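K.L.:
The structure that follows is given in the form of structure tokens.
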Amino acid sequence: MTSPSTNTVRFSIIVPTFRRADRLERLLLSLEPQLAGRSDRELIAVDDASGDPSYATLAHRFGSTMQLLTQPKNAGPSAARNAGFRASRGEFLVFTDDDCVATPYWLDWLDNILVENPDIDLIGGEARPLPHEHGMTVTRWVPDGFLRLRTWSCRNVVTLAAVASLPFDEAGSSASAGFARRCAGRKIAI
């Protein structure tokens, strides 16, 4: 695992959000212990022009661990991810969504995988619904030929890792369409 540095940002956690400040707050609470006092990690939440004043309240409350960007017009989650990417400073980009909750030590675990496997550029993981959201499912899709996959298992959660650097396509109908162009050599963790 890398040690915190005042000069280098290791992880930029990018979170697109739209009209779900309550869910973003839940994610921020789960990430706060992993970000507090860590100059090598930044969290960028991108409000996709929701017009919800609750986001300003969250920015004030979590100001030491979160940077809030607000899109000028609603353009969808891929555009919000790209805005976060443009504002990021991290060596690795970590994308998650506002309706997720991070497990304790999630970022440390990602860092350990990357340190032990320096050829890895992309890590994707399983997202499971919270108990009260059991009816929802999450699917990830990546075009054939883009990835050289490896797997890790931790507490019965299988995580895929791959060699690739890929962006999000704003014109696509979903985030999965975003694996169409290269991401300026930046490394991504999903």
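K.L.:
Filter the stretch 15-38 down to residues that are at pLDDT below 95 and of a type in the set (G, A, S) and give me whichever is nearest to V101 (Cα to Cα).
P.N.:
Ranking the candidates gives S30 first.
K.L.:
Hey, another quick one. Which count do you get for residues in the stretch 105-135 that are hydrophobic (A, V, I, L, M, F, W, C), modelled with pLDDT of 75 or more and loosely packed, with under 14 Cβ neighbours inside 10 Å?
P.N.:
Total meeting the criteria: 1.
K.L.:
Here is a check on your reading of the model: is L43 in contact with a helix residue (DSSP H, G or I) (Cβ under 7 Å, 6 or more places away or on another chain), without any contact (Cβ under 8 Å) to a residue 60 or more places away in the chain, within 16 Å of V94 (Cβ to Cβ) and not in a loop (DSSP other than H, G, I, E, B)?
P.N.:
Working: in contact with a helix residue (DSSP H, G or I) (Cβ under 7 Å, 6 or more places away or on another chain): yes; without any contact (Cβ under 8 Å) to a residue 60 or more places away in the chain: yes; within 16 Å of V94 (Cβ to Cβ): yes; not in a loop (DSSP other than H, G, I, E, B): yes.
Yes.
K.L.:
What's the total number of residues in the stretch 55-85 that are part of a helix (DSSP H, G or I) and either within 14 Å of the chain's Cα centre (by Cα) or touching a residue at least 40 places away in the same chain (Cβ under 8 Å) (or both)? Break it down stepwise before answering.
P.N.:
Here is the first cut: in the stretch 55-85, the ones part of a helix (DSSP H, G or I) are 55-61, 77-85.
Adding the requirement that they be either within 14 Å of the chain's Cα centre (by Cα) or touching a residue at least 40 places away in the same chain (Cβ under 8 Å) (or both) leaves 77-85.
The total comes to 9.
K.L.:
Kindly indicate the residue of the stretch 90-104 that is in contact with a Leu (Cβ under 7 Å, 6 or more places away or on another chain) and at pLDDT below 90 and also surrounded by the fewest Cβ atoms within 10 Å (Cβ to Cβ) among those meeting that condition.
P.N.:
The residue in question is V101.
K.L.:
Report, by residue number, each residue of the stretch 72-81 that is surrounded by fewer than 20 Cβ atoms within 10 Å (Cβ to Cβ) and touching a strand residue (DSSP E or B) at 6+ places or on another chain (Cβ under 9 Å).
P.N.:
G76
The values are calculated or read from the model by the stated rules, or taken from the named source; none is laboratory data. Keep in mind the model is a prediction, meaning the values are calculated, not measured. Quick reminder, even Gly has a Cβ in these numbers, built from the backbone with ideal geometry, and neighbours come from all protein chains shown.
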